[in-house]
2 protein chains.
Amino acid sequence: MTVRRHDPDRRSRIIDVCLDLIAEVGVAGVSHRKVAAAADVPLGSMTYHFTGMDELLREAFGRFSRGVSDGFEQRMSEATDLTTARAAVVEIITRDVFGTHRDLVLTHELYTLAAREPAYRELTNAWMARSRAALERHFDPVTARMLDALIEGLTIHRALDTEAPRPETVTEAVRRITAAG
Amino acid sequence: MTVRRHDPDRRSRIIDVCLDLIAEVGVAGVSHRKVAAAADVPLGSMTYHFTGMDELLREAFGRFSRGVSDGFEQRMSEATDLTTARAAVVEIITRDVFGTHRDLVLTHELYTLAAREPAYRELTNAWMARSRAALERHFDPVTARMLDALIEGLTIHRALDTEAPRPETVTEAVRRITAAG
DNA sequence: GGGCGATGTGTACGAGCGTACGCAGAGTGG
DNA sequence: CCACTCTGCGTACGCTCGTACACATCGCCC
């Protein structure tokens, strides 16, 4: 009948496609059938590779948050002193994190899940812990914590507000937070 | 047959119940039928009072965001000088905004919708504009903007992180941001 | 009192969903 | 070349969904 396709990356590809689909239509709009169609795999593959929608979602968001964290750490590891560290934070806010609409949407979808279900909160916890750790390479723990929150807030407002904060505002905010107490 | 119940607040009650339901099971889990059952109205009332799910959701989140904004303005209007204004902001972060789990979840659900659909972004825009205006009663526009973002970030982290930022951290962050440039 | 809009409701239909499950077919040991 | 196993797939079932629509009931005006 149909050619039995032997691609060992199928499971992984399903996860990627699932993320794309979530970004497009939201967690609410995702179904086994749609993912299967988008990934060009038979419906049966869904139940074969994943015990259910929940497992798929958790793996997808795990992959996503790890990816964002990687970028964050990368960016911070390139800084060598206070000045470059500050600049790195500004870069993260204004370019990295939600550089793409996809990332923005996915982040909020994850937060929404995390707000309701503890299982997903483990993902956000790990994510935030890694962010803070990366920031603590250059700032004291308390400042790192504030910075992390500031990054979060500015990025969200940049995305959800019509008039985004101007670059100078971001730079100034980072300066104030990182100014020695 | 069934007693025709004449309550003129039915439409309004449906909206309230819808918000509760969203908080409980998420936008994804809400359906006409569930709302109808929870509000104790016949299924037909749904289509009678609302053209569709979208209208219901938009009205519900409109009511919600207006309510939160009201609280925000209230709190800020009580401040009289820099010290009390700072304290008010701290209060907002640590107690008001997402004092209840319900508010937290609803906010994220709204953000998620806003991230994808412009129609809902109008709600978040208005919300943020009002927040900023309230802050500008006590702070210059640029500082107000930063503060708004900081409030956002700290509140989210307070909700989605296992180890919430300590109260002193919040106070200190507000102090740094509002310190004269 | 009787007719008639307006208001509100019950029901039925078709679409889309997750999941279970029987079965095809490739690989392998004899 | 056969038999058996294990990977992977197609299909069908039962359910929930949004929506349309025919109909009941109320208040009002003549």
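Counting only heavy atoms of the protein chains, get the accessible area per residue of the range A:61-178 (1.4 Å probe) and round it to a whole Å² value. It would help to have the intermediate numbers written out before the result.
Working: 4570 Å² over 118 residues.
Per residue, the range A:61-178 has an accessible area of 39 Å².
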Task: Sites matching GluC sites (Glu not before Pro) across the range B:89-179 that sit in DSSP coil, with at most 14 neighbouring C-beta atoms within 10 Å - done: B:Glu163
- [ ] In whole angstrom, note down how far apart the Cα centers of the range A:150-172 and the range A:39-109 are.
- [x] 19 Å
Task: Only Lys, Arg (+1) and Asp, Glu (-1) charged, at Cβ; the range B:1-125 dipole about Cα centre in debye - done: 400 debye
Task: At 1.306 mPa s and 10 °C, Stokes diffusion of the range A:1-145 via Kirkwood alpha-carbon radius, µm² per second - done: 94 µm²/s
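Let's test the formula: R0 of 41 Å, r as the Cβ-Cβ distance of A:Arg166 and B:Asp16. What FRET efficiency results, to the nearest 0.05? Before the final figure, lay out the partial values.
Numbers: r = 39 Å, r/R0 = 0.95.
After rounding to 0.05, the efficiency reads 0.55.
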Open item on the list: What are the equivalent ellipsoid semi-axes of the protein assembly as shown, built from the alpha-carbon gyration tensor (square roots of five times its eigenvalues), in whole angstrom, biggest first?
Closed with: 36, 31, 15
Task: Hull volume in cubic angstrom per residue (convex hull over the Cα atoms of the range A:123-181) - done: 77 Å³
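Do the sum for chain B: with -39,500 (n - 2.57) for every DSSP H run of n ≥ 4, divided by all residues, what is the mean residue ellipticity at 222 nm, to the nearest 500 deg cm²/dmol? Mind showing how you got there, number by number?
On the way: 9 runs with 136 residues, N = 181.
It comes out at -24500 deg cm²/dmol, rounded to the nearest 500.
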Task: Two-decimal ratio, the range A:7-50, of alpha-carbon radius of gyration to 2.2 N^0.38 Å - done: 1.03
Task: Label-zone membership for the range B:12-43, site B:Arg102, 7 angstrom Cα→C-beta point, backbone N under 13 Å - done: B:15-25
TODO: Could you work out the longest stretch of chain B that avoids the trypsin sites (Lys or Arg not before Pro) located in DSSP loops with at most 16 other Cβ atoms within 10 Å?
DONE: B:6-136
Task: For B:Arg63, label point 7 Å along C-beta direction: distances to other copies, nm - done: 4.0
Open item on the list: Checking the a/c ratio against 1.5 first, then a/b against b/c, what shape does the Cα gyration tensor give for the range A:68-181?
Closed with: oblate
- [ ] Quick one: pull the percent of accessible area on chain A belonging to carbon and sulfur, 1.4 Å probe, ligands and nucleic acids left out.
- [x] 53 percent
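The values are calculated or read from the model by the stated rules, or taken from the named source; none is laboratory data. Computed from a prediction, not measured in an experiment: that's the story for all the values here. Glycine also receives a Cβ, built like all others from the backbone with ideal geometry; neighbour counts cover every protein chain displayed. Calculation scope for accessible area: heavy atoms of the full protein, side chains included, ligands and nucleic acids excluded. Shrake-Rupley method; radii C 1.70, N 1.55, O 1.52, S 1.80 Å.
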